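K.L.:
What follows is a structure written as structure tokens; I'll ask about it next.
The values are calculated or read from the model by the stated rules, or taken from the named source; none is laboratory data. Since we're looking at a predicted model, the values are computed, not measured. No Cβ is skipped: glycine too gets one built from the backbone with ideal geometry, and neighbour counts run over all protein chains shown.
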Amino acid sequence: MNKLLERLRLLLLKLQILLLKAKVTIPNLDNPKAIVVHYDGAGNSFDSVNNWHKQKWGFKSSLGFFCGYHYFIEFDGRVIQAREDNEEGAHCVDPRRPGFWNKNSIGICLQGDNSKFTPAQEGSLLWLLDNRKTEYSIDNSAIYTHKDIKTTDCPGTKIDTYIKGYRKRA
């Protein structure tokens, strides 16, 4: 029995090495415990952000995208899922808790900067927050903006104000 377990561990390690070499992530994490909301800061489309993340990191999600956010909401309200919810993201680094946010939270990015937060985006964000928090029993207190975790302007004052109001809801 011990030999079999040892062989299985070795095979798992070899698989992990192959996935790292191929720069592919797999949905193998526990359910998310938090949600972190971002903006792209420049009004870039999903395709632009996906290409930038491909150049920056090169890790492809199980859904075939390079985008480090789990979801991206465009100006017109269209929601694009770039990663499975239980797949490691690449959206939030906190030096005090290395790896925590990318492995334990869903990253949502809104197209735009502080000058534009469209009604269509607001509706999609509300739907996505309500849906994901219900699916994973995430409390309102575990919904953050990027600036709640790290010193940054992201996601700007309009989205930050919206999230603060959302957290106060019952």
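K.L.:
Specify the residue that is surrounded by the fewest Cβ atoms within 10 Å (Cβ to Cβ); the eligible residues are those in the range 67-80 that are in a loop (DSSP other than H, G, I, E, B) and among the hydrophobic types (A, V, I, L, M, F, W, C).
P.N.:
Phe75
K.L.:
Is it the case that the range 40-55 has a residue that's in contact with a His (Cβ under 8 Å, 6 or more places away or on another chain) and either outside any strand (DSSP E or B) or crowded, with 18+ Cβ neighbours inside 10 Å (or both)?
P.N.:
No - not one qualifying residue is present in the range 40-55.
K.L.:
With respect to Arg78, is the statement that it is more than 18 Å from Leu29 (Cβ to Cβ), over 12 Å from the mean Cα position of the chain (by Cα), at pLDDT 95 or above and among the basic types (Lys, Arg) true?
P.N.:
On the way: more than 18 Å from Leu29 (Cβ to Cβ): yes; over 12 Å from the mean Cα position of the chain (by Cα): yes; at pLDDT 95 or above: yes; among the basic types (Lys, Arg): yes.
Taking the combined requirement at face value, the residue satisfies it.
K.L.:
Give the residues of the range 124-149 that are closer than 18 Å to Asp113 by Cβ and touching a residue at least 40 places away in the same chain (Cβ under 8 Å), sorted by residue number.
P.N.:
Ser124, Leu125, Thr145, His146
K.L.:
Listed residues Glu135, Glu88, Glu122; which is in contact with a Leu (Cβ under 8 Å, 6 or more places away or on another chain) and either closer than 25 Å to Lys60 by Cβ or among the charged types (D, E, K, R) (or both)?
P.N.:
Glu88
K.L.:
Scan the range 81-125 for residues that are part of a helix (DSSP H, G or I), hydrophobic (A, V, I, L, M, F, W, C) and either buried (at least 16 other Cβ atoms within 10 Å of the Cβ) or within 16 Å of the chain's Cα centre (by Cα) (or both) and jot them down.
P.N.:
Phe100, Trp101, Leu125, listed by residue number.
K.L.:
Could you tell me whether Val37 is modelled with pLDDT of 95 or more, touching a strand residue (DSSP E or B) at 6+ places or on another chain (Cβ under 8 Å) and either assigned to a helix (DSSP H, G or I) or among the polar types (S, T, N, Q) (or both)?
P.N.:
Values: modelled with pLDDT of 95 or more: yes; touching a strand residue (DSSP E or B) at 6+ places or on another chain (Cβ under 8 Å): yes; either assigned to a helix (DSSP H, G or I) or among the polar types (S, T, N, Q) (or both): no.
Answer is no for this residue.
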